[in-house]
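One structure below.
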């Protein structure tokens, strides 16, 4: 990939209890690759989570904090002034609240625009590039401008730099799983994490141990801490984890939401059970099960602690199924998604 020689990337994404952290994490993965290629990146965000913001600072990225998010007019007024100072910068936009009007405003300001999308939910797309990394992406219909370029499917999955060192790692599959990782998103406002922790209490597996990851914006942290302390087996409650590859590598079984973390689990070959904790995750979790990359438990609100106990126990005792899931999922992703995206951006610049 060509060197970027200080070229500017401006990323617009938010995070919070309701929307989770996935949009910001996808942008972080792209920004890391951009920086590694010699570019510079600025995040414009209404994120208030200090842990996430510190993560961006630790990477050396410039951060511009918004007082309020779109559709508040202050959002566009804020970003417009920043864009004016970087007339040749690419703009990256990731979030369901950024509509076709916002896209058009960026284009009318004279900037190239990449939109990270999941479900073709807008009436019209004005971006130069639409990136949809989901397995069902090519089945969607986009109403768009004639100049648009599509990057569709798992070849373009954005994985953060820290995962790429695990490309050649080999996962051991024990006869009976005993180490369970629970990770249900950065916000988890419905507290599905509690349901899983309750389910684990009724499992009859020897030497059971669990790591439960919650985001900094999780509003139920104190209640979860109490459950962990009262557990009859070891539960480590981990807030705002910065070592996800190690945690995924540690786990024999994972219970996860169907958001951005799903791709990290597939890359690491983690035998996983997926809960649909937001409607936009439905297609992804269904695709994952249909192609043998994991198990889809369905809508979180329909899942009981009892059914979770049965599902986790079943996967924990089925080493053949865990081995199959791990093998198939590891073959899906090669970790080069961000590099492919940047190469496509450069080609568009030169056309």
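The values are calculated or read from the model by the stated rules, or taken from the named source; none is laboratory data. All of these numbers come straight from a predicted model, not from anything done at the bench. Note that each Cβ is placed from the backbone with ideal geometry, even for glycine, and that neighbours are counted across all protein chains shown.
How many residues are assigned to a strand (DSSP E or B) and either closer than 21 Å to residue 166 by Cα or modelled with pLDDT under 95 (or both) if we restrict to region 258-274?
Residues in region 258-274 being assigned to a strand (DSSP E or B) and either closer than 21 Å to residue 166 by Cα or modelled with pLDDT under 95 (or both): 1 in total.
Yes/no matrix, rows are residues, columns are (1) farther than 22 Å from residue 297 by Cβ; (2) in a strand (DSSP E or B); (3) at pLDDT below 95; (4) assigned by TED's automatic domain parsing to the domain that holds residue 322:
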| site | (1), (2), (3), (4) |
| --- | --- |
| 212 | no, yes, no, yes |
| 216 | yes, no, yes, yes |
| 232 | yes, no, yes, yes |
| 246 | yes, no, no, yes |
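Residues in region 216-227: is at least one buried (at least 16 other Cβ atoms within 10 Å of the Cβ) and under 18 Å from residue 163 (Cβ atoms)?
no
Residues are listed down the side, and each one gets a yes or a no for (1) outside the structural domain of residue 312 (by TED's automatic domain parsing); (2) over 19 Å from residue 311 (Cα atoms); (3) touching a strand residue (DSSP E or B) at 6+ places or on another chain (Cβ under 7 Å); (4) free of Cβ contacts under 8 Å to residues at least 40 places away in the same chain:
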residue: 251; (1), (2), (3), (4): no, no, yes, no
residue: 261; (1), (2), (3), (4): no, yes, yes, no
residue: 264; (1), (2), (3), (4): no, yes, no, no
residue: 271; (1), (2), (3), (4): no, no, yes, no
residue: 275; (1), (2), (3), (4): no, no, yes, no
residue: 279; (1), (2), (3), (4): no, yes, no, yes
residue: 289; (1), (2), (3), (4): no, no, yes, yes
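Does residue 323 count as at pLDDT 95 or above and within 26 Å of residue 153 (Cβ to Cβ)?
yes
Could you list, ordered by first residue, the pairs with Cβ atoms under 6 Å in which the first is in region 92-110 and without any contact (Cβ under 8 Å) to a residue 24 or more places away in the chain and the second is outside any strand (DSSP E or B) and surrounded by fewer than 23 Cβ atoms within 10 Å (Cβ to Cβ), at least 6 apart or interchain?
Listed pairs, sorted by first residue: 104/126; 107/126.
Working only within region 178-197, note down all residues that are assigned to a loop (DSSP other than H, G, I, E, B) and surrounded by fewer than 21 Cβ atoms within 10 Å (Cβ to Cβ).
Listed by number, the residues that qualify are 178, 189, 190, 191.
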